[in-house]
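What follows is a single structure, written as structure tokens, with notes after it.
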Amino acid sequence: MGKTSLISAFTNTTLFNGENFTSTAGATTATLNVSRFDSVVFFASAGATGAAAFAATITCSVSPDGTNYTAYDGIEFPANTIASLVSLATSGTAVFSLRDLGGIHTVRMSLTMVNQIASSSVTLRYSARTRD
């Protein structure tokens, strides 16, 4: 009988890199093709400068075909809690994941910031695993 090998390949990059807006409100999106990933772990961080009421939210939409998106309410945090969004304040961080991505082709992350100043920023990185 032949030997079976599982090969895991990791990939990581940044979806939002120091994203900021100079107006009092703003939003942007980034997409990630997850069709070959088993799970994706995200790390979000807000810069150390910002107005007292600075707030950033990250929401997720998923698509089975890369075109039609629906809201995703299964963002998983390390404490085994599930939410529909990620909230960040000044100097805030969040680690969260998406798991069991079998029927999902593309994930769209949407970032919204309010009460920011020019030096407010949000970064969103991810690490994903592919198993062949």
Condition first: at pLDDT 80 or above, surrounded by 14 or more Cβ atoms within 10 Å (Cβ to Cβ), touching a strand residue (DSSP E or B) at 6+ places or on another chain (Cβ under 9 Å) and not in a strand (DSSP E or B). Can you find one or more residues in region 1-19 that meet it?
no
If I go through region 76-126 residue by residue, how many of them are surrounded by fewer than 15 Cβ atoms within 10 Å (Cβ to Cβ) and hydroxyl-bearing (S, T, Y)?
6
In the list G50, G74, G103, G66, which residue meets the criterion of being at pLDDT below 85 and either over 13 Å from N20 (Cα atoms) or acidic (D, E) (or both)?
G103
Within region 69-109, restricting to residues that are of a type in the set (V, I, T) and part of a loop (DSSP other than H, G, I, E, B), the one that is nearest to T130 (Cα to Cα) is I104
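The values are calculated or read from the model by the stated rules, or taken from the named source; none is laboratory data. This is a predicted model, so every value here is computed, not measured. Here the Cβ is made from the backbone with ideal geometry for all residues, glycine too, and neighbour counts use every protein chain on show.
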